[in-house]
Ligand code: FES
């Protein structure tokens with residue numbers, strides 16, 4: 001017993017004495033080449049998530065009396081990141097001294113992105129959209145965020161037959177979804193109900209007709225015009241029943257708030273589960289107030305401090321943009337959390353149905369300036385924007 005203990009102790013000592021020379025020999029056998037500065041995973045992550053990109057407007061095409069198609073490429077010549085059809089990008093620009101931005105659904109397909117091409121459809125409604133429609137010219141450069149958003153198909157959640165309901169410019173994400181289906185990147189079948197005022201306000205008609213040759217079913221619904229080949233009126237449940245089995249599809253809606261409310265009422269009797277109806281988020285708008293007050297908003301961005309006017313009917317984000325303060329934002333609808341900022345003092349209200357903050361954020365005083373309106377003088381701390 002004692003002899004065994006002594007033997008093991010001796011062997012351990014021997015191994016210990018050889019530890020350093022063995023290690024030195026192993027190191028000497030290794031490659032002298034320096035470790036790579038970047039691994040393939042890092043390269044892929046950067047391609048998929050470039051953060052913000054500098055882009056150039058390469059073409060502009062009139063689609064309807066008030067809607068244009070804008071085509072962009074990346075200034076650095078790289079491909080746009082691959083995305084999920086239905087997602088959006090946010091464009092940012094300095095217009096007459098104001099730093100403005102707005103999210104737009106992508107019209108082109110994820111495969112187009114790999115060829116350094118990204119297409120948007122913009123309707124003249126709002127300060128920045130009016131600028132894009134009426135003034136922006138090919139050659140002009142903009143800042144664009146990477147594609148984002150939850151408005152896309154999910155195999156585990158959604159039925160294989162999806163019903164897309166578009167109102168006006170809300171057609172844009174469905175073009176991308178239909179192209180992605182045609183290119184074999186999505187597994188669903190689409191029936192598209194496209195509501196427009198009249199035939200002249202139907203955008204992307206040639207593209208939709210071409211996609212209809214490859215499996216897309218389109219039902220055009222005109223509210224103000226009666227014409228052969230078109231449904232007339234609104235997109236009611238009775239109309240949808242003519243084309244689809246409402247209980248056996250997933251719905252994707254993109255259009256004005258009034259359309260969401262109308263379709264919600266139409267679908268209510270079917271008692272569909274919440275997950276069966278997806279709505280694309282719309283930007284938070286100005287409040288309709290008779291005589292809005294103006295308060296003082298103090299904004300901290302790192303060590304910089306700005307004091308600016310903030311109107312009661314405008315979000316804090318709009319007030320900052322008007323004063324050319326760089327404030328991060330993407331969805332402008334309270335959902336992405338990208339504008340997440342620290343509240344320091346003052347009264348405020350959050351737009352109805354837009355409070356996307358987590359419980360902890362509410363508890364520890366964080367706000368989303370894109371959906372927050374001031375009710376008194378306020379002070380907030382905003383994170384710096386990406387370079
Ligand atoms: S920009 Fe998305 S939550 Fe404010």
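Considering only the stretch 282-295, I want to know if a residue exists there that is within 12 Å of the ligand (Cβ to nearest atom), buried (at least 21 other Cβ atoms within 10 Å of the Cβ) and part of a helix (DSSP H, G or I). So far as the stretch 282-295 goes, no, none of its residues is within 12 Å of the ligand (Cβ to nearest atom), buried (at least 21 other Cβ atoms within 10 Å of the Cβ) and part of a helix (DSSP H, G or I). When the stretch 351-370 is filtered for residues that are closer than 24 Å to residue 280 by Cβ and either in a loop (DSSP other than H, G, I, E, B) or within 7 Å of the ligand (Cβ to nearest atom) (or both), the ones remaining, listed by number, are 351, 352, 353, 354, 355, 356, 357, 358, 368, 369, 370. Residue 380 meets the conditions (1) in a loop (DSSP other than H, G, I, E, B); (2) within 15 Å of the ligand (Cβ to nearest atom) in every case but one. The failed one is (1). Please work out which residue is farthest from the ligand (Cβ to nearest atom), limiting yourself to the stretch 297-350 and to residues that are touching a helix residue (DSSP H, G or I) at 6+ places or on another chain (Cβ under 6 Å) and in a helix (DSSP H, G or I). Ranking the qualifying residues of the stretch 297-350, first place goes to 316. If you go through the stretch 240-265 and keep only what is touching a helix residue (DSSP H, G or I) at 6+ places or on another chain (Cβ under 9 Å) and buried (at least 18 other Cβ atoms within 10 Å of the Cβ), you end up with 240, 249, 250, 251, 252, 253, 254, 255, 259, 263.
Just so you know, all these numbers are worked out from the coordinates, no wet-lab data involved. Not measured: the values here are computed from a predicted model. No Cβ is skipped: glycine too gets one built from the backbone with ideal geometry, and neighbour counts run over all protein chains shown.
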